[in-house]
């Protein structure tokens, strides 16, 4: 029963992912400019604004869109740097396609290098764990002989 | 699409002439009216070219679709497609295309906003600076237009149009020297373009670089000897270097080739008068006067010139030519016509005729101050003092001639040794027109005379 409940919760949260932003939609945003900027700095798409349109309807102030986009434009320039791309790569996160074309090159370069380092680390870890495994096996193979000797 | 924005720049070249009064009228400076260096055809300059910025890989598909829409002139559809995206999602190239479509649809405010958004992201996009320059030019914001053309050139544009436009705006805003180099660049790129040639010529002339302007003009005239505008330029240059004969020859050539602007016909006539070719002057004047509805200001001007050169017979002949138009004139203008006739008769020593015409002039326009004054002065010469006094009194009632009339009457009294009346008039004049402070000495002198007369009589 517990298993079934957990599966249902899992399915419903997966379904809701496509229709709502990652955060709860707040229609009484203090500064739409800040909201746009933060959306960009979180590496999210400008289309996140659509959620506000959908959920807030007429409660959305007239100037919200322009201010959000303005803030987003500022934020996305800050976000699309080599460092942020690198961070995403290092953390094995998927590359986002939100950077404007002119700011994309640095971000992608950072991501590529971060991803390389991540994969290299992974390979090292794999190699090390394989070696550990082999050593353990070796130890296990040698151990019964000693025990027999005892 | 063709948006024609004719911006006018008048190049007038003045020569100094003496301002000589002819019975109250003033001559105007000699001018040649040149065609303006207009050349700017601001317009949507075609679709975006890839060499300036590239579209994003994910936009290739939509770019192809938009290309075919543009080829079919479906610009509204293009806008609809592009508006499905947030501007920040579009590459600067696609965003530029959006601005250009707005521009081509004459949606200037929208185009401006989008162009500016592109420049925030790509401040050195030559094409956007060039387009923005055009857009500002259309909106007659010449300062911003100049700024963006300059930037387009700074960032690498080598288009003759941009150089030429920068030259034009520099000429308007910063004077000739700042325009010369841009025009030269434009001409270097498009040597056959008459707009650049005209602009460079205007700039060189304004900068007083006459030999260079002359050389350019000679070259142009060799190529296009039947272009009246070039001959006008030559005339203007000749006037600048005080060569009235050269100016007249060039001006006559322009007239022969069809030039017929009022100013240039007037200048030609004036030059003929100056150079004593009176017959041709009169021919031009008559031709000009007969061409349109009679313009009394113009007639006055011509009569003034003829008066200055003492060509009274020609002046009379001119008035004879005009006579058939008399009935179509307003009563006031008829008054002025007769007044001119009277003055000419007066100068020609035909007092009876003069008197007749003065009478006619005042019948038509009894409140014409200048005529009243002239008639009064004439009456003094004819010793008709009572009539002269009456005429001065009438002229005193007209603001424009009040001062002269008071002084004229004072002079009349002095001539007739009526010093008491003269004194009253002079004091009146000083009281009403304090700027006549040098009258004080005269008043003092006349007061002494009156005092002496009183002493003698007592």
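The values are calculated or read from the model by the stated rules, or taken from the named source; none is laboratory data. As the structure is a computational prediction, the values presented were derived from the model and not from experiment. Cβ: placed from backbone, ideal geometry, glycine included. Neighbour counts: every protein chain shown.
Would it be correct to say that residue A:92 is assigned to a helix (DSSP H, G or I), more than 14 Å from chain B (Cβ to nearest Cβ) and without any contact (Cβ under 8 Å) to a residue 60 or more places away in the chain?
no
Out of A:98, A:86, report the one residue that is out of contact with any strand residue (DSSP E or B) (no Cβ under 8 Å at 6 or more places or on another chain), farther than 30 Å from residue A:28 by Cβ and surrounded by 15 or more Cβ atoms within 10 Å (Cβ to Cβ).
Going through A:98, A:86 in turn, just one is out of contact with any strand residue (DSSP E or B) (no Cβ under 8 Å at 6 or more places or on another chain), farther than 30 Å from residue A:28 by Cβ and surrounded by 15 or more Cβ atoms within 10 Å (Cβ to Cβ): A:86.
All but one of (1) in contact (Cβ under 8 Å) with a residue 60 or more places away in the chain; (2) surrounded by fewer than 20 Cβ atoms within 10 Å (Cβ to Cβ) hold for residue B:159; state the number of the condition that does not hold.
Unmet for residue B:159, out of (1) in contact (Cβ under 8 Å) with a residue 60 or more places away in the chain; (2) surrounded by fewer than 20 Cβ atoms within 10 Å (Cβ to Cβ): (1).
Kindly provide the set of residues from the stretch B:116-127 that are within 21 Å of residue A:73 (Cα to Cα) and either in contact with a strand residue (DSSP E or B) (Cβ under 7 Å, 6 or more places away or on another chain) or in contact (Cβ under 8 Å) with a residue 40 or more places away in the chain (or both), ordered by number.
B:122, B:125 - these are the residues of the stretch B:116-127 that are within 21 Å of residue A:73 (Cα to Cα) and either in contact with a strand residue (DSSP E or B) (Cβ under 7 Å, 6 or more places away or on another chain) or in contact (Cβ under 8 Å) with a residue 40 or more places away in the chain (or both).
Cβ-Cβ distance below 6 Å, separation of 6 or more or different chains: which pairs start in the stretch B:73-99 with a residue that is away from every other protein chain (no Cβ under 11 Å) and closer than 16 Å to residue B:53 by Cβ and end on one that is at pLDDT below 90 and surrounded by 17 or more Cβ atoms within 10 Å (Cβ to Cβ)?
B:96/B:48; B:97/B:48
Any residue at all in the stretch A:114-132 that is loosely packed, with under 12 Cβ neighbours inside 10 Å, within 14 Å of another protein chain (Cβ to nearest Cβ) and out of contact with any strand residue (DSSP E or B) (no Cβ under 9 Å at 6 or more places or on another chain)?
Within the stretch A:114-132, none of the residues are loosely packed, with under 12 Cβ neighbours inside 10 Å, within 14 Å of another protein chain (Cβ to nearest Cβ) and out of contact with any strand residue (DSSP E or B) (no Cβ under 9 Å at 6 or more places or on another chain).
I need the full set of residues from the stretch B:240-258 which are at pLDDT below 90 and surrounded by 21 or more Cβ atoms within 10 Å (Cβ to Cβ), in order please.
If the condition is that a residue be at pLDDT below 90 and surrounded by 21 or more Cβ atoms within 10 Å (Cβ to Cβ), then no residue fits.
Output the qualifying pairs, or none if there are none: Cβ atoms under 7 angstrom, residues six or more apart or on different chains, first residue in the stretch B:367-385 and touching a residue at least 60 places away in the same chain (Cβ under 8 Å), second residue part of a helix (DSSP H, G or I) and surrounded by fewer than 22 Cβ atoms within 10 Å (Cβ to Cβ).
B:373/B:404
Looking only at the stretch A:45-87, how many residues end up being assigned to a loop (DSSP other than H, G, I, E, B) and either within 10 Å of chain B (Cβ to nearest Cβ) or within 18 Å of residue B:88 (Cα to Cα) (or both)?
4
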